[in-house]
Amino acid sequence: MPSNSIDSLLHEDRQFPPSPEFAANSIADPSLYERAAASRVEFWADQARELLDWETPFTTALDWSGAPVAKWFADGRLNVAYNCLDRHVLAGHGERIALHWEGENGDTASYSYAELTRAVKQAANAIAALGVGQGDRVAIYLPVIPEAVIAMLAVARLGAVHSVVFGGFSSESLRSRIDDAGAKLVITADGGWRKGKVFPLKDAVDGALANGTSTVEHVLVVRRGHNEVQWTVGRDLWWHDEVATASTEHEAEGFEAENPLFILYTSGTTGKPKGILHTSGGYLTQVAFTHRNVFDLHPETDVYWCTADVGWITGHSYVVYGPLANGATQVLYEGTPDTPHPGRWWEIIQKYGVTIFYTAPTAIRSFMKAGRQIPAQFDLSSLRVLGSVGEPINPEAWIWYRDVIGAGTAPIVDTWWQTETGGIMISALPGITNLKPGSAQVPIPGIKIDILGEDGTRVDPPAGGLLVVSEPWPSMLRGIWGDPERFVETYWSRFSKDGVWKYFAGDGAHVDSDGDIVLLGRVDDVMNVSGHRLSTAEIESALVSNPMVAEAAVVGAADEATGQAVVAFVIIKTNQKDAHTTDEAVALLKAHVAQQIGAIARPRQIFIVSELPKTRSGKIMRRLLQDVAEGREIGDTTTLADSSVMTVISDKLK
Ligand code: 6R9
């Protein structure tokens with residue numbers, strides 16, 4: 001966010017109270033805050049009992065004796081997939097639609113809860129027959145098709161652990177995730193539809209497994225793109241051969257509440273992505289609670305649509321687990337917002353009568369740019385709640401979203417949370433809170449957030465500082481896969497002391513005079529590009545893995561459309577300098593990053609420079625490069641080893 005807009009954010013005085021009709025029909029009531037304030041842990045225990053079915057009820061809600069690894073509801077047993085499926089059928093809701101799927105190419109499919117339950121039972125039988133059982137890891141690399149949801153739930157049903165890898169990640173990224181988790185099985189598709197074309201997925205899996213040292217025994221392939229694929233006999237199996245022929249009977253077994261549910265990799269401050277580990281009972285409790293209360297879900301009548309890909313945490317918590325645990329009817333869409341025409345999303349809302357819509361600010365900004373005449377061609381009158389996630393939403397975009405998409409009346413919930421927090425942590429509740437553009441506003445009931453100064457003392461409103469979560473919460477991460485030290489170091493070392501553990505989120509935040517929280521972006525070397533997290537170090541290491549490159553520095557520069565954009569400064573090796581023109585080198589390096597990590601990491605700009613600004617201890621001063629990338633006057637250079645470097649760099653860019 002450009003720094004000059006922060007001031008205006010902190011003086012936002014427009015407020016939008018809930019309409020009396022909305023408040024009267026809303027699921028949540030203010031007593032939630034009172035109950036949570038009276039006893040936070042008991043409050044969560046009540047939610048766990050009310051929202052979920054337990055095979056064995058728990059007797060202890062929270063065990064924090066192994067801090068910072070929490071155990072929630074640890075002596076209880078449940079089956080996550082049973083909670084998302086079978087119990088709704090048993091309660092008489094088998095005919096209710098669980099998924100309305102819309103393929104980008106126009107294919108559609110609908111699954112009732114009874115049909116989805118049957119499909120998951122078949123998939124669980126097929127996957128178990130491949131030797132997958134409790135604790136085994138399964139990598140899932142699929143487009144947004146019903147089989148992605150089915151595969152996740154089938155793995156969960158067996159007590160196994162899924163690691164979903166976003167389909168836009170490269171073969172290299174997939175390989176490192178498969179290897180880190182030691183996956184036994186990969187579930188993929190031949191290809192998927194994106195921007196009017198089939199993109200291959202199975203090829204990338206073949207590439208990831210090519211060195212032959214992988215732990216993967218089988219690859220289960222869904223036919224979706226009908227593109228040609230290579231086949232390794234004995235290893236590769238078609239989903240339609242294995243799953244469609246499997247038995248539709250499968251008894252869900254209860255697993256302990258702390259049984260691992262999934263690993264999801266996310267970018268951190270170093271080059272190596274972190275495998276964030278989530279478990280079962282606490283995670284499902286918080287995602288079900290927040291999905292119900294933050295979106296004011298009425299499962300009998302609402303049609304919910306979250307546009308996230310299942311490969312991100314938003315897809316896990318608010319496409320798969322939250323909505324299905326709550327018995328919601330939802331839309332699942334495979335493709336991009338503007339294929340085959342720029343009104344595709346609005347057409348989908350009109351077609352299915354979507355009532356609750358959850359998307360990212362970057363999408364809203366791109367629609368703003370395209371103009372209100374596009375959504376105006378569709379009937380959006382079914383919409384009654386709008387959500388935002390992934391990055392701060394600027395007040396202009398907030399107002400546009402409410403006016404143009406929400407008919408000037410729909411409440412907007414700006415939800416702050418992270419892969420690590422598992423579920424929503426800060427958000428308005430639409431029937432209760434007076435909404436304020438540009439602010440995520442208040443912790444949800446049962447969550448304790450503080451804003452601390454650099455020295456760890458609490459800052460009082462109105463003031464700015466660093467965001468911490470001060471008490472354990474049910475859907476918190478339980479660790480970084482295979483790296484307990486990095487877990488403590490990354491999240492808990494900064495502000496914890498004397499046995500009091502505080503989770504450091506990596507975000508800066510400000511509390512305004514009403515006590516509302518305004519998020520100010522990351523304070524570490526993590527960028528947020530279109531709501532996706534990317535690490536500067538990861539892209540730098542991709543760049544230096546190219547034989548042309550001697551050294552690289554990457555910064556996130558403010559970008560109107562994507563929030564931040566990747567800008568790289570690269571030094572070419574002396575003996576490579578004459579091999580390419582500057583334009584060629586830039587094009588080759590952009591393609592190299594896309595191939596190493598994925599197209600989302602492709603730099604917007606690459607500047608070829610002869611030196612990088614460094615401190616005397618050799619640390620690259622990214623702050624100065626960011627000034628250059630954002631076209632600002634260069635800041636304080638006194639700690640540079642050689643202060644003339646910045647003059648050389650900025651002269652070069654003029
Ligand atoms: C859910 C998700 C987490 C980071 C987080 C923060 C940013 C997410 C936000 C927001 C301001 C919001 N972020 N939601 N910033 N307002 N409503 O996005 O998870 O991909 O792990 O990213 O995204 O910087 O730390 P993840």
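The values are calculated or read from the model by the stated rules, or taken from the named source; none is laboratory data. Computed from a prediction, not measured in an experiment: that's the story for all the values here. Because the Cβ atoms are built from the backbone with ideal geometry, glycine has one as well, and the counts that use them run over all protein chains shown. Just the protein is used for accessible areas: all its heavy atoms, side chains included, with ligands, DNA and RNA removed. Shrake-Rupley method; radii C 1.70, N 1.55, O 1.52, S 1.80 Å.
Each of the peptides 399-405, 62-68 was scored by the mean count of other Cβ atoms within 10 Å over its residues; in descending order, highest first, they stand as 399-405, 62-68.
Rolling a 1.4 Å probe over the heavy atoms of the protein chains gives the chain an accessible area of 37 Å² per residue. When the Cα gyration tensor is reduced to axis lengths a ≥ b ≥ c, the ratio a/c is 1.5 or higher for region 524-653, and with a/b not above b/c it is classed as oblate. In a simple Cβ point-charge model (Lys, Arg +1; Asp, Glu -1; nothing else charged), region 524-653 has a dipole of about 240 debye relative to its Cα centre.
Amide H contacts under 5 Å for GLN418: GLY423, restricted to partners 5 or more places along the chain or on a different chain, H placed in the peptide plane at 1.01 Å from N. Residue by residue, region 66-75 carries 3J(HN,Hα) couplings of x, 3, x, 9, 8, 10, 10, 6, 4, 8 Hz when phi is fed to the Karplus relation 6.51 cos²θ - 1.76 cosθ + 1.60 (θ = phi - 60°); x denotes Gly or Pro. I need the shape label for the chain. Rule: rounded when a/c is under 1.5, else prolate if a/b > b/c, else oblate, with a, b, c from the alpha carbon gyration tensor. The shape class here is rounded. When each of the peptides 298-305, 552-559, 197-204, 323-330 is scored by the mean number of other C-beta atoms lying within 10 Å of its residues, the order from highest to lowest reads 323-330, 552-559, 197-204, 298-305.
Taking amide H positions as modeled 1.01 Å from N, with prolines and chain starts lacking one, the residues under 5 Å from VAL529 and 5 or more places away or on another chain are LEU534.
Beta bridges assigned by DSSP with both partners in the chain are antiparallel in approximately 60 percent of cases. With a Förster radius of 30 Å applied to the C-beta separation of LYS497 and ALA641, the computed FRET efficiency comes to 0.30. Residue-wise HN-Hα couplings along region 178-188, as the Karplus relation 6.51 cos²θ - 1.76 cosθ + 1.60 with θ = phi - 60° gives them from phi, are 4, 5, 4, 7, x, 5, 8, 9, 10, 10, 9 Hz; Gly and Pro carry x. State the antiparallel share, in %, of DSSP beta bridges confined to region 198-323, rounding to the nearest 5. About 65 percent, rounded to the nearest 5. Note on the chain: helix-only mean residue ellipticity at 222 nm, from DSSP H runs of 4+ residues weighted -39500 (n - 2.57) and normalised by residue number, equals -8000 deg cm²/dmol. When the charge dipole of region 228-297 is built from unit charges on Cβ atoms (+1 for Lys and Arg, -1 for Asp and Glu) and taken about the Cα centre, the candidate among THR245, GLY271, THR285 whose Cα reaches farthest toward its positive end is GLY271.
Measuring nothing but protein heavy atoms, the accessible surface of region 433-473 at 1.4 Å probe radius is 47 percent carbon and sulfur. Label-to-label distance, SER176 versus GLN595, with points set 7 angstrom from Cα along the beta-carbon direction: 1.7 nm. Legend: calculated FRET efficiency, ASN211 to THR336, from the Cβ-Cβ distance at R0 = 35 Å, rounded to 0.05, equals 0.60. Amide H to amide H distances under 5 Å link ALA463 with VAL511, where only residues 5 or more positions off or on other chains count and H is placed in the peptide plane. Within the accessible surface of region 153-226, defined with a 1.4 Å probe on protein heavy atoms only, the carbon and sulfur portion equals 50 percent.
Beta-bridge orientation, region 188-269: approximately 45 percent antiparallel, per DSSP, counting only bridges with both partners inside.
Net charge dipole, region 271-367: roughly 360 debye, given to the nearest 20, about the Cα centre with Cβ charges of +1 for Lys and Arg and -1 for Asp and Glu.
Computed 3J(HN,Hα) for region 137-149, one whole-Hz value per residue from the Karplus formula 6.51 cos²θ - 1.76 cosθ + 1.60 where θ = phi - 60°, is 9, 10, 8, 10, 9, 9, x, 7, 10, x, 4, 5, 5, glycine and proline marked x. In terms of packing, defined here as the mean over residues of other Cβ atoms within 10 angstrom, the peptides 481-487, 275-281 line up highest first as 275-281, 481-487.
Modelled spin-label separation between GLN230 and THR270, with each label point placed 7 Å from Cα along the Cα-to-Cβ direction: 3.2 nm. In straight-distance terms, cross-link reach from LYS590 covers every one of the lysines whose alpha-carbon lies under 19 Å from its own, apart from those fewer than eight places away in the same chain; here that gives LYS573, LYS577.
Run the Debye formula on the Cα coordinates of region 349-462, all scatterers equal and no solvent, and tell me log10 I(q)/I(0) at q = 0.09, 0.15, 0.16, 0.17 1/Å. For region 349-462, the Cα-only Debye profile gives -0.28, -0.70, -0.78, -0.86. Normalised by the number of residues in region 524-653, the mean separation of alpha-carbon contacts (under 8 Å, six or more apart) gives a relative contact order of 21 percent. Under the convention that each Lys and Arg Cβ holds +1 and each Asp and Glu Cβ holds -1, the size of the dipole of the chain around its Cα centre is about 880 debye. Counting Lys and Arg as +1 and Asp and Glu as -1, what is the net charge of the other residues whose Cβ lies under 10 Å from the Cβ of LEU185? Around LEU185, the surrounding residues sum to 0.
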